[in-house]
Every structure is written in C-alpha cells, then in structure tokens.
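The values are calculated or read from the model by the stated rules, or taken from the named source; none is laboratory data. From a predicted model like this one, the values you see are computed outputs, not experimental measurements. We place every Cβ from the backbone using ideal geometry, glycine too, and count neighbours over all the protein chains shown. The accessibility values were calculated without ligands, DNA or RNA, using every heavy atom of the protein model including side chains. Shrake-Rupley method; radii C 1.70, N 1.55, O 1.52, S 1.80 Å.
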Amino acid sequence: MSQIKTERFRENTRSALADRQLQAVLGKFADGFPVKRAQAIARLPEFDALRDAARDIKNHVLENLGPYLEQFEAQVIASGGQVHWCRDAEEARQTVLSICKNADARTVTKSKSMIGEEVDINDFLEDNGIEPVETDLGEYIIQLRREPPSHIIAPAIHLSKQQVAETFREKHADRAADRSLESPRVMLDEAREELREQFLGADVGLSGANMLVAETGSIATVSNEGNIELTCGLPRVHIAMASIEKIVPTLEDAATILRVLARSATGQDMSVYTSFITGPRRPDDLDGPEEFHVVLLDNGRTELLASEFRDILRCIRCGACINHCPVYEAIGGHAYGWIYPGPMGAVLTPGLLGMETTQHHPNASTLCGRCESVCPMRIPLPDLLRKWRTRQFGAEITPTASRYGLKVWAYFARHPHLYRLITKTGAIFLFAAGGRKRRFRHLPFAGGWTDARDLPAPQGRSFMAQWRQRPPRRSGGRL
Amino acid sequence: MCCCRAAPLPSRCSNRAMDHAPPVPDTPHVALFVTCLVDLMRPSTGFAAVKLLEDAGCRVSVPDQQTCCGQPAYNAGDRKDARKIARMTIGALEGFDYVVAPSGSCAGMIKVHYPALFADDPPMAKRAEAVASRTWELTAFLVDVMRYKPMGAQFDEQVTYHDSCSGLRELGVKQQPRALLSDVEGMALSEGDSAEICCGFGGLFCVKYPDISVAMVDKKIDDMVSTGATVVLGGDLGCLMNVAGRARRRGVHIDAWHVAEVLAGMANEVEPIGGDSDGNSGGGAD
Ligand code: SF4
C-alpha cells in the first residue's frame, strides 16, 4: 500500500492538479484546520511561551537521547513490559511478526501509527497470513480503498463524503444497498458496528505512540475516536510502535507538549481521548493486555541526530505545517509519493529514504515560511529544506543545466561591470521586443514562466544606467 | 527635521537591532540596494524609492558594486557562489547609516541570511552583522526609522495588498505599508483572506515547478478579485510580476504596482507591471 513513489513527484503533481475531485476537496482545506488553530491560539495567550518550552524539552531530549531511552526501557521492564530496539524497517516488521506469531494471532486491530506506515506493517502482516484491521476511521476508509494516507493526522482528507459513502456501499456488501449514507455521523456509526466485532476478536492490538515517557515507561496516545483505548486494552497482547525521538523525560513534559499538540493539529484545546499506558495488566487490574511490547524504531534517525537536520527530530506530527502549506494545498498528500507530505515530509523523507530518490522534495517549495511560523516546536523548516538543497548541490544531484546556469549567472553577478553590460543590453532589447502591450506571451528559454503567464517587459534602460545620468541633487549620487 | 524621530517607536519597530540602535542622524546617509529585478525590469520602483527616501530627509547613494543579493544561488544550495556575491555586496554596502531595499526578499537576504552564510568565518560574520543591523525594507524604514508620512499622493483606486513572504515572516513587515497607504488620497484598501499566503513566485521555484506555482497564483488572484479590488500593491517585484503576468494571461482585471510607486505619487505616470489590463487578455509581442 505504502509503495514509494517519491521519484514520480512531477507526474504525481500533474495528475493531482488535474484531478477535479481532489481539487474540490483541497479547495475547502484552508477553511478547516488553519481557522480552528487560529481560534484555539487566540484563546491561549501563553501559547508562544509554551512553544518555547516544548522546543526546549525536545532539544534537551535530543542532547541526551541515549540515557533517556535507557531510562524508558528500564521503566517499561519494571512495569512488566518489553522493549525491542529496531535498527530499520525490516527489523521492526520481523519483531512485530514474531510477537504476533508467539501469540498465535490471526487478527490484529490497529490504531493509527505513522511508524506502522513507515515500515509498511499492514502489507507485511497480510503477506504472512495475519489480518490487520485499521480502527481509526480515516485509516479504516483508506484501508478499504487500499490507498496510502494523504495526511499525517487526517489520512483520508483527500476524499469527499460521497467517495466514502460509495466505498462503504461497495465494501459493506451485506448491508442494505439503498440505505442512507448522507451524514458523516451515519457513516461513523456504520464503521463502528463493523469494527466492534473485530475489536472483540483480535488477538493483538497494534498502536502508535505520540510520546514515550522516560520517568514512568508509559506511552502517551491522543485520539478523538476512542479506538486507541480499545486497541490497546482489549486484545491479549499490545504492541506500541514508536520512533526513538518520541521520548520526553517526565509526565509534566508530556503535559506541556500536549498543550501545544492538539491546538496546533485540529484547533482543539485537548484531543477527546488522551491516554497514558504503562505496562501490561497488573494482578488487580480489571482489564488490559497480558503482554506489553514497545517496538522502538531508529530507521536513520540516529544519523539525522548527528546531522544538520537534527531539528526535524523535534517534530510531534501535529500536521500544522502541512495544514498551512500552500504547496500541499495545491497538490495534496499523495503527490509527495510517500507517507510524510508537506514541509515536515519534505525535510524528513530525504533523511529516511535518501537524497537520490527524493530530490524534488526540498525543491518544490517557495520557502514562504508559513510552516515555520505555525510549527509548535519551532522547527526552522525552510532552513532545513535549504540545507537539503545545499547537500544536493554538493553531491551534484541538482540537474547539471541548473548548476551551470547558476554558475554562469553568479559569475556575472560577481562582476558588476560585466553584469551592467549584459543588463543594459538585455533591458533595451527586451524593452524593444515588449511591444505596445508591454509584455511577452512567449519568450525562448522562458517557457517555465510564459507557458501560463505573460512576462512583463522591462520599462527601458536599467535603473543603474539611468542613475548614472541623473543630475546631481540633494542626494549623495553615485559612489 | 523633527527630533522625535531620534527615538524609535517600539510598538511599530520590526527590527530588533533598533532597540540598541544609535539615534537617527539628521540627514541619514542611505545606500539604496536597488535589487536585480528593479534594476532590469522596473527602474521606476527604484526612482520611487529614492524620492520617498529623499522626501523623508535622507541622502541617498547607489553604490556601484551591487548587482543581485545572491538569493537565487543561496536558495538553490550553491552556498559558495552565494558567499562570493554576499562578500562583494557587503563591501559595497559598508559605511552608510542605513541600507534600504525596495524588497522584503532582498532585504531579508542581507539582514537574516548574510550573517548565517558566514557563521564559520568570524571576521566576515562581523561585517555581515554590521551591514545586516543597518538594513531595512523600504516601507519599514520609512515608518519605523524615519516616521515618514507621505504627502500629497493621490490614487483613485480600489486596492488590495499582498504581503510578500520574506518581508512578512523574516522582517515583520505588515503594518508599515498599510500605515503609509492610509495617507494616500482617494485610495480604498480591501484586504483578502489570503494576503499573507504565498503567491507561488518563490524565485526559481516558479520556473522549476510552474504547474504548482500557477495553481498557487490562481488561488491568490481569485482571492484578490473577491475583495472587489482592481489593483494589487506589494513591496516585492517578484510577487507582483507573477500575479500580474498570470492575471494578464487569464484576462483578469487586476493591475499591479509596487507600493513605492503609489506612495511617491508616480503610479499615475508609470503603467502597471506588465501593462494595464484594459479588459484584454494580453496578447503583446510574441
Ligand atoms: S514540523 Fe512542526 S508543524 Fe510540522 S508536523 Fe512537525 S511539529 Fe507539527
């Protein structure tokens, strides 16, 4: 399902822009999360101070990641659970599979997990005869449609209500074909009924984790549907998948991050459900799993930690940068070709998949900075995108024509007299060619601009040429 | 010269360096950083900037050793060339009371990114910092430093404003152009929801990813039209050329001027960017 199509970014973009259904959904995108976020923040004057605190917590963790991970492991073990350290996706998949096999699992209920998506756990379990059942509504819908998520917190945001109704009619074939599926509420109820039996029958529950709390060995999860609690609490075995940077030192630190998380994500003050889960069921507990496993994934993150991209490891996956990204709003999430879209994805994806197959991601951005301005963790996303471009330039991944073009231009830019000669002639030539309308519809070598835009013609002689002949006035004149 | 100008207004001050800045001299000597786009495409913006600066009481010089701020190289990942261009530009801009650019993007490059470019070269970083701390975007300089109020400018148009991304988010330019425009006679300003959203120009982005860029500018134009405005003003020529160029191709009646041209009372003399819309769908020289 999460087939990697990052190299096809241009083709993906083209089809996304031509997809009317998708464009209609994306057209409404800006009225949703961004507006709610702005309202939530207006209600909390100390929001910016909380952002600083949240950033500082994660920076401290990243400085001391090893010790905190060890503390977390010790606390998980002390509370009766197990921690599995996985270097890469393959190790994580094998670990989950062997836990499932030990539990004789046939069905696994799943709550939303980006790490699950990152290691493509669903396909892998299916290939090994185990049925994964997504229980988050959005994930459930895209699982029925066998599509990858298009957003890290709203995986089915690319679909219209009608498309979801059609999917339900097709996949829930034993229900009355003429039933009404008009409102989202009705569809939610239908999905709940379908899922209820799965919850009761599942052998293993597989969840993600929003945070890992070192002092208690707890995982923290947030959701609005209550499905996570059922996923973690009902089956005999609970596996939580998380990447190593999800650590926070204390419960209080977790609370600080929770205060910025939901506000940044959906504009809620808090998510409807927030759970701290610590270890398996204790002898006196009424419910809970018999086994509790945490699968800790590295998958390239230690390398990022040691690099100039460390800041991206503060990301708490709130999706605010995506919700405010005009490029995402134009092309949607699938165009990025993998599970992490938008600005955070454009920084993280090259780090996880390598630069060669992801060369468009850092470049397909105007560096407008709206992402950084909303990121609760104050991650300098445009700066990190630029750093990937610098790496690409150094590794000669930047297309040869662009590199040489830049070099030639830079040569002139460094030699003002030569530069003036060119601009002087160029301005006059383009001025003369600009005609009465003062603009070009076509211009050789400028198709990137003129295919869809007129190019304004220069006004005439360049500013510098005119300034030289300016009669001396009050001003200092030429130097 | 009004002496109250010497103390900056903290509430309007977008420039942290101002907190400790020396008092504004009576006739500040300003280096105009023309910017490559203004130099080549639209000298009238440069002359409007000069007029405004002079009206505000500055002595303006245009250092010869300037071309482009180097941002195209910097944003393409070519740090080596960006540094060479920055080194030359810093040399050209040293020794003035202020450096002013009629562009948030180029001023942002000098102010925010030049010091970062020389982080590993302390002597050069010091020079970069010194220039950066004196560098201003034009409208911010006029309001925050010079406390300037335009006099006698008239512009009988329904106008909307586009905040360029670098000006807005790197330099905090937002209220200053609006404060200046509020003194222009005859003009009505209506703001759209997307004034702060990128127009899709993004330097080389617009030619590298033209289809995404055009989708972005189309949203922008639709939003501008929905305000009822027939004119868009902004402080960055790149954005304005993008908006005007697309509007002309679509046949949308939106004319674009640089804000400096309106403030200097020159907009009635120079035609809008890309010629005026006069209801035609473009069709200039092929
Ligand atoms: S980069 Fe920032 S805004 Fe984007 S998902 Fe991560 S924490 Fe949220």
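Of the conditions (1) out of contact with any strand residue (DSSP E or B) (no Cβ under 6 Å at 6 or more places or on another chain); (2) within 9 Å of chain A (Cβ to nearest Cβ); (3) touching a residue at least 40 places away in the same chain (Cβ under 8 Å), B:CYS58 satisfies every one except a single condition; which number is it? If we test B:CYS58 against (1) out of contact with any strand residue (DSSP E or B) (no Cβ under 6 Å at 6 or more places or on another chain); (2) within 9 Å of chain A (Cβ to nearest Cβ); (3) touching a residue at least 40 places away in the same chain (Cβ under 8 Å), just (1) comes out false.
Considering the conditions (1) within 12 Å of another protein chain (Cβ to nearest Cβ); (2) assigned to a helix (DSSP H, G or I); (3) open to solvent by less than 10 Å² (accessible area, probe 1.4 Å), B:VAL112 is excluded by exactly one of them, (3).
If only residues of the stretch A:254-295 that are closer than 30 Å to A:ASP203 by Cβ and within 16 Å of the ligand (Cβ to nearest atom) are counted, the one that is surrounded by the fewest Cβ atoms within 10 Å (Cβ to Cβ) is A:SER271. Within the stretch A:431-466, the set of residues being open to solvent by 30 Å² or more (accessible area, probe 1.4 Å), at pLDDT below 90 and touching a Phe, Trp or Tyr at 6+ places or on another chain (Cβ under 8 Å) comprises A:ALA433, A:LEU443.
The set of residues in the stretch A:167-214 being part of a loop (DSSP other than H, G, I, E, B), buried (at least 16 other Cβ atoms within 10 Å of the Cβ) and of a type in the set (A, V, I, L, M) consists of A:LEU181, A:ALA202, A:ALA209, A:ALA214. Within the stretch B:56-97, the set of residues being open to solvent by 20 Å² or more (accessible area, probe 1.4 Å) and within 23 Å of A:SER462 (Cα to Cα) comprises B:ARG59, B:ASP64, B:GLN65, B:GLN71, B:PRO72, B:MET88, B:GLY91.
Of the helices (runs of 4 or more DSSP H) contained entirely in the stretch A:316-403, those carrying at least 3 residues that are within 13 Å of the ligand (Cβ to nearest atom) and within 12 Å of chain B (Cβ to nearest Cβ) fall at A:370-374, A:381-394. Is it the case that B:ASP255 is buried (at least 22 other Cβ atoms within 10 Å of the Cβ) and within 12 Å of chain A (Cβ to nearest Cβ)? For B:ASP255, the condition - buried (at least 22 other Cβ atoms within 10 Å of the Cβ) and within 12 Å of chain A (Cβ to nearest Cβ) - is met. From the residues in the stretch B:258-280 that are more than 9 Å from chain A (Cβ to nearest Cβ) and among the β-branched types (Val, Ile, Thr), which one is farthest from B:GLY192 (Cα to Cα)? Selected residue: B:VAL262.
Given the criteria within 10 Å of another protein chain (Cβ to nearest Cβ) and modelled with pLDDT of 95 or more, does B:GLY200 qualify? Yes.
Residues checked against (1) in a loop (DSSP other than H, G, I, E, B); (2) touching a residue at least 40 places away in the same chain (Cβ under 8 Å); (3) under 14 Å from the mean Cα position of the chain (by Cα):
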{"position": "B:THR160", "(1), (2), (3)": "no, yes, no"}
{"position": "B:GLU191", "(1), (2), (3)": "yes, no, no"}
{"position": "B:SER194", "(1), (2), (3)": "yes, no, no"}
{"position": "B:VAL207", "(1), (2), (3)": "no, no, no"}
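Of the residues making up the stretch A:372-401, those that are under 16 Å from the mean Cα position of the chain (by Cα) and within 16 Å of A:PHE309 (Cα to Cα) are A:GLU372, A:CYS375, A:MET377, A:ARG378, A:ILE379, A:PRO380, A:LEU381, A:PRO382, A:LEU384, A:LEU385.
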